[in-house]
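Quick notes on the structure that follows.
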Amino acid sequence: MRKIASVVIIFLAFILIYLLQANFFNWFTIAGVKPNLFVILIVFVGLFAGKYMGVSIGVVAGLLLDFFISKKIGISAIMFGIIGLLGGILDNNFSKDSKLTIIIIIFGTTALYEIGNYVINAFIYNYEVEIVNFAIQLGIEIIYNIILTIILYPLIQRAGNLLENIFKGNRILTRYF
């Protein structure tokens with residue numbers, strides 16, 4: 001029951017982020033670039049709820065975004081699924097208590113999402129690749145995502161610990177103690 005409630009809360013967070021992206025951050029762009037809060041959400045779910053939950057939420061969120069925004073369905077779903085999987089894999093290798101670690105993870109996943117999305121769209125739509133403009137936009141978006149991650153870190157940490165307790169439980173093997 002707690003897992004279902006957690007998924008519903010994650011879905012409500014998705015809707016809130018969608019509304020923020022569509023309305024609020026249109027007013028606060030930097031050189032016309034908005035942050036991608038969906039990357040932060042999917043990484044957060046992958047890190048704290050596990051790779052299966054990260055992939056599931058990533059694919060569903062990507063499909064919903066593709067359905068509402070994109071011309072082609074599936075590109076964001078693939079990229080968010082990869083990011084959710086990567087978040088789950090990084091959960092085992094890095095500490096989630098360090099802000100620096102989270103910042104590096106957000107840096108890498110934002111770059112991965114945007115580069116993957118750009119390459120796939122350039123291949124499908126055959127548009128001219130403009131590396132300099134893309135690199136500038138990517139840098140601004142990464143900085144924007146990192147700033148928002150630093151601001152939201154206490155909330156992410158608290159919600160993440162709750163999610164981790166619900167989805168992963170207490171995995172201490174007491175027979176060895």
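Looking at the stretch 1-77, the trypsin sites (Lys or Arg not before Pro) that sit in a DSSP loop and have at most 14 other Cβ atoms within 10 Å of their own Cβ are Lys71, Lys72. Taking every DSSP helix (H) stretch of at least 4 residues in the chain, weighting each as -39,500 (n - 2.57) and dividing the sum by the residue count yields a mean residue ellipticity at 222 nm of -26000 deg cm²/dmol. Packing, as the average of other Cβ atoms within 10 Å across residues, places the peptides 83-89, 118-124 in the order 83-89, 118-124, highest first.
List the GluC sites (Glu not before Pro) within the stretch 121-165 that fall in a DSSP loop (any state other than H, G, I, E or B) and whose Cβ has at most 12 other Cβ atoms within 10 Å.
Those satisfying the criteria are Glu128, Glu130.
When the charge dipole of the chain is built from unit charges on Cβ atoms (+1 for Lys and Arg, -1 for Asp and Glu) and taken about the Cα centre, the candidate among Pro35, Ala49, Ile103 whose Cα reaches farthest toward its positive end is Ala49.
Over all Cα atoms in the chain, the spread is summed up by Rg and Dmax: 16.7, 61 Å.
Taking chymotrypsin sites (Phe, Trp or Tyr not before Pro) across the stretch 1-73, the ones in a DSSP loop with at most 10 further Cβ atoms lying within 10 angstrom of their Cβ are Phe28.
Take every Cα pair under 8 Å whose residues are at least 6 apart in sequence, average their separation, divide by the length of the chain, and the relative contact order is 25 percent. Which FRET efficiency, nearest 0.05, do Leu100 and Ala135 yield, Cβ-Cβ r, R0 25 Å? It comes to 0.60. Mind checking the angle between helix 99-125 and the chain's longest principal axis? C-alpha axes, 0 to 90 degrees, to the nearest 10. It is inclined by approximately 40 degrees.
Bear in mind that the values in this text are calculations on the coordinates, not laboratory data. Remember, it's a predicted structure, so these values are computed and weren't measured experimentally. Heads up, the Cβs are rebuilt from the backbone with ideal geometry, glycines too, and the neighbour counts pull from every protein chain shown.
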